[in-house]
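A short worksheet on the structure shown next.
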Amino acid sequence: MSEVTICNLALSHLGDTATVVSIRPPDSSVQAQHCSRFYPAARDALLEMAPWGFATTRVQLAQVQLPTYTDSQGNSCTGAWQYGYGVPADMVNVLAVLPAGALDDYEMTAGAIADQNFPCFPQGYQPLPGAAEYTPKPFVIETLIKDGSSVLLTNVPDAVLRYTRLVTDTSQFSPLFTLALSHLLAAQLAGPILKGDAGVAAAEQQMQLFGALKGQATSSDANQRRARVEASPSWLRGR
């Protein structure tokens, strides 16, 4: 189903019988111009709402230089995080930061985390000996003051990022994702198309329908994968 077809489906939800021919660039109709404005926002918002399988990918991250400072002990460090990585240009959402050799995204290992993982603030995160630790690692996304670029901070060397990417090819959308998107788009188009109280009422109705369909879409999508969580004591891993 193409972008234009999704737009026409959204318009039909509102009882609008107009047929949009193009949104890139928009044709001469008012409906096409509204769809051209609202379709990308609706699509990107829905992509951000769940870890859709068709939009999930992973990549080895490229390390970037982090600014350093001197802590109260006189040590030069980058704060609580040892490594900084540039984020992919098509990233919508971070799903997990993984060690390069991770065999399973949700694998568990046993044992305390070494203090050197947090050189400036070792007291900040010290699990009890023997405590389980999930393979996906702690991270934050921040912005570098120097150039305004986004950077992912973590304590994982050679980190691998699993993330939701921006998907614009509608042929990759699942059927339920597409239907949910049409109702979300209809909710955004209701005000400009119908206006006044009728537009407000239609937007509320479309959001209710969207919520129900999004729930079905995420449940169906989650059924397409099976995550294995496994306890693995250090003595067993060493055998």
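The values are calculated or read from the model by the stated rules, or taken from the named source; none is laboratory data. None of these values were measured; they are calculated from a predicted model. Cβ placement follows ideal geometry from the backbone for every residue including glycine, while neighbour counts extend to all protein chains displayed.
Brief remarks follow.
- Selection of segment 1-14 for residues being surrounded by fewer than 17 Cβ atoms within 10 Å (Cβ to Cβ) and either free of Cβ contacts under 8 Å to residues at least 24 places away in the same chain or assigned to a helix (DSSP H, G or I) (or both) yields 5, 12.
- Count of residues meeting criterion [surrounded by 14 or more Cβ atoms within 10 Å (Cβ to Cβ) and part of a helix (DSSP H, G or I)] in segment 165-206: 26
- Search result, residues across segment 207-225 that are of a type in the set (Ser, Thr, Tyr) and surrounded by 14 or more Cβ atoms within 10 Å (Cβ to Cβ): 218, 220
- Condition check for residue 143: modelled with pLDDT of 75 or more, of a type in the set (S, T, N, Q) and surrounded by 17 or more Cβ atoms within 10 Å (Cβ to Cβ): no
- Selection within segment 64-99: residues that are more than 22 Å from the chain's Cα centre (by Cα) and of a type in the set (A, V, I, L, M). The member of this set that is modelled with the highest pLDDT is 66.
- Answer residue from segment 146-164, given it is in contact with a Pro (Cβ under 8 Å, 6 or more places away or on another chain) and among the aliphatic types (A, V, I, L, M) and is surrounded by the most Cβ atoms within 10 Å (Cβ to Cβ) among those: 156
- Candidate set from segment 6-20 (those that are of a type in the set (Gly, Ala, Ser) and touching a helix residue (DSSP H, G or I) at 6+ places or on another chain (Cβ under 7 Å)); member that is nearest to residue 168 (Cα to Cα): 10
Every residue, every condition in (1) over 25 Å from residue 213 (Cβ atoms); (2) among the polar types (S, T, N, Q); (3) out of contact with any helix residue (DSSP H, G or I) (no Cβ under 7 Å at 6 or more places or on another chain); (4) surrounded by 21 or more Cβ atoms within 10 Å (Cβ to Cβ), yes or no:
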{"residue": "22", "(1), (2), (3), (4)": "yes, yes, no, no"}
{"residue": "26", "(1), (2), (3), (4)": "yes, no, no, no"}
{"residue": "30", "(1), (2), (3), (4)": "yes, no, yes, no"}
{"residue": "39", "(1), (2), (3), (4)": "no, no, no, yes"}
{"residue": "44", "(1), (2), (3), (4)": "no, no, yes, no"}
{"residue": "48", "(1), (2), (3), (4)": "no, no, yes, no"}
{"residue": "52", "(1), (2), (3), (4)": "no, no, no, yes"}
{"residue": "56", "(1), (2), (3), (4)": "no, yes, yes, no"}
{"residue": "61", "(1), (2), (3), (4)": "yes, no, yes, yes"}
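- Tabulated pairs, segment 144-159, first farther than 13 Å from residue 66 by Cα, second of a type in the set (Lys, Arg) and surrounded by 12 or more Cβ atoms within 10 Å (Cβ to Cβ), C-beta under 8 angstrom, 6+ apart or interchain: 156/137; 159/137
- Against the list (1) modelled with pLDDT under 85; (2) out of contact with any helix residue (DSSP H, G or I) (no Cβ under 9 Å at 6 or more places or on another chain); (3) part of a strand (DSSP E or B); (4) hydroxyl-bearing (Ser, Thr, Tyr), the condition residue 109 fails is (2).
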